[in-house]
1. Could you tell me how many degrees, from 0 to 90 and to the nearest 10, lie between the Cα long axis of helix 45-59 and the main elongation axis, the longest principal axis, of the Cα atoms of the chain?
2. Okay, helix-only estimate at 222 nm for the chain: each DSSP H run of n ≥ 4 adds -39500 (n - 2.57), divide by all residues, round to 500 deg cm²/dmol; what do you get?
3. Per residue, how big is the convex hull of the chain when only Cα atoms are used? Give it in Å³.
4. Please work out the FRET efficiency for the pair TRP31 and ALA60, using the Cβ-Cβ distance as r and a Förster radius of 35 Å; give the result to the nearest 0.05.
5. Expressed as a rounded percentage, what relative contact order does the chain have, with Cα pairs under 8 Å and six or more residues apart?
6. Taking the Cβ-Cβ separation of TRP52 and ALA91 as r and a Förster radius of 41 Å, what is the calculated FRET efficiency to the nearest 0.05?
7. Can you find, among GLY90, ALA34, LEU12, the residue farthest towards the positive end of the dipole of the chain? Put +1 on the C-beta of Lys and Arg, -1 on that of Asp and Glu.
8. Just check region 48-90 against the gyration tensor rule for me: Cα atoms, a ≥ b ≥ c as the square roots of the eigenvalues, rounded for a/c under 1.5, and otherwise prolate or oblate depending on whether a/b exceeds b/c.
Amino acid sequence: PPPHLTGGSVDLTLSWHGIPLSLGTPFDAFWDSAHTAALEDHDDVDRNARRWLVALMRSAGFIVLHCEWWHFEFGTRRWAAITGHDAVYGATMPPQQITI
């Protein structure tokens, strides 16, 4: 299943006092410059912020999707293939609509 449907992925960015910081592209911008390593040839604040976010999430056991600096996974099938661990999450069903 797609990682977001398992509950094992998260899309996130960094912010300061509620204002998103620049990480080189807008969040959910599907451009080549959004690839995680796209800014490695640059020596600037955007590259450093992106590196910091990736390092922080990796230190917590997440993997990053190579083409989306904002997409991280833990426990998904992709995570399992990369880390060598067993997948933790599978497909989930949408919650039942509750009428009161």
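1. Computed tilt is about 40 degrees.
2. Working: 3 runs with 26 residues, N = 100.
After summing the helix terms and dividing by residue count, I get -7000 deg cm²/dmol.
3. Values: hull volume 14.3 nm³, N = 100.
Residue-normalised Cα hull volume stands at 143 Å³.
4. Efficiency at R0 = 35 Å is approximately 0.85.
5. 32 percent
6. Working: r = 33 Å, r/R0 = 0.79.
The formula returns an efficiency of 0.80 here.
7. Towards the positive end, the residue furthest out is GLY90.
8. On the way: a/c = 2.68, a/b = 1.98, b/c = 1.35.
Prolate.
Where a number appears in this text, it was derived from the coordinates with a stated rule and is not lab data. It should be emphasised that the depicted structure is a prediction, and the values quoted were computed from it without experimental measurement. So basically every Cβ, Gly included, is an ideal-geometry build from the backbone, and we count neighbours across all protein chains shown.
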